[in-house]
1. For the charge dipole of the chain, defined by +1 on Lys and Arg C-beta atoms and -1 on Asp and Glu C-beta atoms about the Cα centroid, which residue among Thr125, Thr15, Thr89 has the Cα displaced farthest towards the positive pole?
2. Report ³J(HN,Hα) in whole Hz for each residue of region 120-136, in order, from the Karplus equation J = 6.51 cos²θ - 1.76 cosθ + 1.60 where θ = phi - 60°; Gly and Pro get x.
3. What Kirkwood hydrodynamic radius do you get for region 38-146 when you take the inverse of the mean 1/r over all pairs of distinct Cα atoms, in Å?
4. Could you tell me the calculated FRET efficiency between Lys116 and Thr15, based on Cβ-Cβ distance and R0 = 25 angstrom, to the nearest 0.05?
5. What number, in nm² with one decimal, is the all-direction average of the projected area of the convex hull of the alpha-carbon atoms of region 29-76?
6. Which one of Ala69, Ala95, Ala132 has the biggest mean-square fluctuation once the chain is modelled by GNM with Cα springs under 10 Å?
7. Just to check I understand the Karplus step: with θ = phi - 60° and J = 6.51 cos²θ - 1.76 cosθ + 1.60, what whole-Hz values come out for region 46-51, glycine and proline as x?
8. Quick one: helix 14-31 against the long Cα principal axis of the chain, what's the angle to the nearest 10°, folded into 0 to 90?
Amino acid sequence: MASLTETLTNETKKTAVIDDCCALIDAEVADKGGISGLAIKAGYSAVKGIKPGFIRHAVSDLLPEFAAALDPLYQEAKTGGKPVAAHITSNSGRAADALLAITDGKVRNAQSGLVKGTYEKLRGTAKKNVEAAVPRIGKLIEKHAG
């Protein structure tokens, strides 16, 4: 069975996967409410303003690592005969920790002070927000990887 990285970064699927990831991020940010939602929306807007296509470029760069991080959950679902989206959602804490380990490492090496500062301000609530996004992430993976 192919890895999730091989499947999602395959040249025939990669553009559609990136499009769906960007739409997922936009939807997650739009759904945020309250004071923390305002902070997330402001931070997202600031990061998007760095340069046109910044989010798309970041998604493209992170996709192979994110897919590799989620591959154990994907493989568990496939070998266990479980629906991929449901299995990933039921393991939202593991999924969030795996994804945040990657972004934490990337931010440590980021050149942009705006990116670092924004990430650091929002990092305290990041796990909760990533866990909230996991059902959409699971559906995206199921859509593109089966």
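Each reported figure results from applying straightforward, stated rules to the coordinates on display, with no laboratory input. Just so you know, these numbers come straight off a predicted model, no measurement behind them. We place every Cβ from the backbone using ideal geometry, glycine too, and count neighbours over all the protein chains shown.
1. About the Cα centre, the residue reaching furthest to the positive side is Thr125.
2. 4, 5, 9, 4, x, 9, 4, 4, 4, 6, 5, 4, 5, 7, 4, x, 5
3. Working: mean 1/r = 0.0677 Å⁻¹.
Mean inverse Cα-Cα distance, inverted, gives 14.8 Å.
4. On the way: r = 29 Å, r/R0 = 1.16.
Computed FRET efficiency for Lys116 and Thr15: 0.30.
5. Details: hull surface 18.0 nm².
Over all viewing directions, region 29-76 projects a mean Cα-hull area of 4.5 nm².
6. Comparing Ala69, Ala95, Ala132 in a Gaussian network model of the chain, the most mobile one is Ala132.
7. Using θ = phi - 60°, the values come out as 5, 5, 4, x, 4, 6 Hz.
8. So the inclination is approximately 50 degrees.
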